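Down below is the structure, laid out as structure tokens.
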Amino acid sequence: MPITLYHHPFSRAAGVVWMLEEVGVDYELHFVDILKGGQKEPSILALNPMGKLPIVTDGELVVTEAAAIGLYLADRYAPGRLAPKLDAPERGTYLRWSFFAPSVVEPGSLAKTSGWSFKEGQAGWGNYEAMLKAMEHAISGREFILGDQFSMADVIFGGTLRFMLRFKMLEDRAAFTDYVDRLGQRPALKRADQRNAAIIAERGLGR
């Protein structure tokens with residue numbers, strides 16, 4: 001059975017299409033109309049009690065949370081290609097920056113744009129400028145997170161940067177824009193963008 005992605009092009013599921021295209025497995029999209037509250041329907045809540053996308057089913061297995069989905073897909077279907085093997089020395093770097101995106105970049109950026117008041121030592125994302133410097137450190141002087149080797153960490157981390165730059169949620173620092181431009185040359189990303197755009201057109205979501 002093909003993998004099923006519960007999908008809406010205006011959700012994080014759009015990025016999971018890129019993950020699936022990079023992995024190269026058969027998959028199908030199950031449209032969930034989040035603009036009409038479809039993610040809160042009982043059938044969706046049975047899969048993800050949070051009532052949000054993305055959701056991936058692989059046979060009887062259910063995986064939610066975009067970063068977890070990416071790591072699962074790479075480990076199961078592209079070990080050694082998109083995911084370092086368990087005993088590979090670069091495995092730690094791979095996991096480090098894969099989790100940095102949802103754990104630090106997303107909340108840290110939201111805190112900045114929303115003007116949240118908090119004690120830096122009590123927040124997992126800490127200081128905003130330190131966060132930006134850490135992000136630059138992850139990609140400066142190398143092609144991808146792991147150097148010359150593209151991995152699922154680039155889809156997770158790079159996809160976050162790509163989205164935030166697009167919507168002006170991060171500064172247009174040269175390290176960020178150059179990295180995102182390199183990712184934009186990936187054939188799998190181009191296919192994913194085309195597929196998401198086609199659904200937007202078919203569903204009349206761009207109106």
### Query
M164 is checked against (1) under 24 Å from L35 (Cβ atoms); (2) in contact with an Asp or Glu (Cβ under 8 Å, 6 or more places away or on another chain) and fails just one. What number does that condition carry?
(2)
### Summary
Picked from the stretch 88-122 (must be polar (S, T, N, Q) and surrounded by 10 or more Cβ atoms within 10 Å (Cβ to Cβ)), the residue farthest from the chain's Cα centre (by Cα) is T113
### Message
Quick test of your reading of the structure: V180 fulfils all but one of (1) at pLDDT 95 or above; (2) surrounded by fewer than 17 Cβ atoms within 10 Å (Cβ to Cβ); (3) within 17 Å of K133 (Cα to Cα). Name the failing condition by number.
### Response
(2)
### Summary
Among residues of the stretch 47-73 being of a type in the set (D, E, K, R) and buried (at least 16 other Cβ atoms within 10 Å of the Cβ), the residue farthest from the chain's Cα centre (by Cα) is D58
## Note on the structure
Exception for T57 within (1) among the polar types (S, T, N, Q); (2) part of a helix (DSSP H, G or I); (3) farther than 17 Å from R162 by Cβ falls at (2)
#### Entry: Selected residue [among the β-branched types (V, I, T) and farther than 22 Å from M152 by Cβ] from T93, T113
T113
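The values are calculated or read from the model by the stated rules, or taken from the named source; none is laboratory data. Values in this document were obtained by computation on a predicted structure and should not be read as measured data. In this analysis, Cβ positions are derived from the backbone assuming ideal geometry, glycine residues included, and neighbour counts consider all displayed protein chains.
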